[in-house]
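The block underneath contains the structure these notes are about, expressed in structure tokens.
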Amino acid sequence: MYIDQCTYEEMHEPEHAYRFTGPCAVTGKAYTVTIPGPDLFRLRQGVFIQEACPTLSPGDREFVLSGISPEGWEQTFKV
């Protein structure tokens with residue numbers, strides 16, 4: 001997972017979550033994704049990202065896995 005190469009901050013308020021920040025693999029611009037703690041736990045246990053992190057947008061899920069931000073996706077595929 002790309003987030004393993006990102007920096008992260010653990011937050012406890014208002015709920016337990018982790019904020020991952022790293023450069024987009026396409027644009028090089030910093031991008032941040034916040035994942036609730038229970039969702040990250042399920043993801044690390046091998047649950048598919050769509051099931052483990054239902055609150056993340058498709059663009060955020062793509063960044064978590066590949067490092068491509070929504071802007072990078074648009075640049076690459078001219079969506």
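Rule-based calculations on the coordinates, nothing more; no lab input. None of the values given here were measured: they were computed from a predicted structure. For neighbour counting, all protein chains shown are included, and Cβ atoms are generated from backbone atoms with ideal geometry for every residue, glycine included.
Checked against (1) touching a Leu at 6+ places or on another chain (Cβ under 7 Å); (2) surrounded by fewer than 14 Cβ atoms within 10 Å (Cβ to Cβ), Tyr18 passes all but condition (2).
Conditions (1) touching a Pro at 6+ places or on another chain (Cβ under 8 Å); (2) without any contact (Cβ under 8 Å) to a residue 60 or more places away in the chain; (3) aliphatic (A, V, I, L, M), marked per residue:
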residue: Gln5; (1), (2), (3): no, no, no
residue: Glu15; (1), (2), (3): yes, yes, no
residue: Pro23; (1), (2), (3): no, yes, no
residue: Gly28; (1), (2), (3): no, yes, no
residue: Ile35; (1), (2), (3): no, yes, yes
residue: Phe41; (1), (2), (3): no, yes, no
residue: Gln50; (1), (2), (3): no, yes, no
residue: Thr55; (1), (2), (3): yes, yes, no
residue: Gly72; (1), (2), (3): no, yes, no
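Residues in the stretch 49-79 that are assigned to a helix (DSSP H, G or I), of a type outside the set (S, T, N, Q) and over 14 Å from Thr34 (Cβ atoms): Ile49, Glu51, Ala52, Pro58, Glu62, Leu65, Pro70, Glu71, Gly72, Trp73, Glu74, Phe77.
Matching residues to (1) surrounded by 14 or more Cβ atoms within 10 Å (Cβ to Cβ); (2) polar (S, T, N, Q):
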site	(1), (2)
Thr32	yes, yes
Pro54	no, no
Val64	yes, no
Ile68	yes, no
Glu71	yes, no
Phe77	no, no
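Scanning the stretch 1-35 for residues that are touching a Phe, Trp or Tyr at 6+ places or on another chain (Cβ under 8 Å) and either outside any strand (DSSP E or B) or over 24 Å from Gly72 (Cβ atoms) (or both) gives Tyr2, Ile3, Cys6, Glu10, Met11, Cys24, Ala25, Val26.
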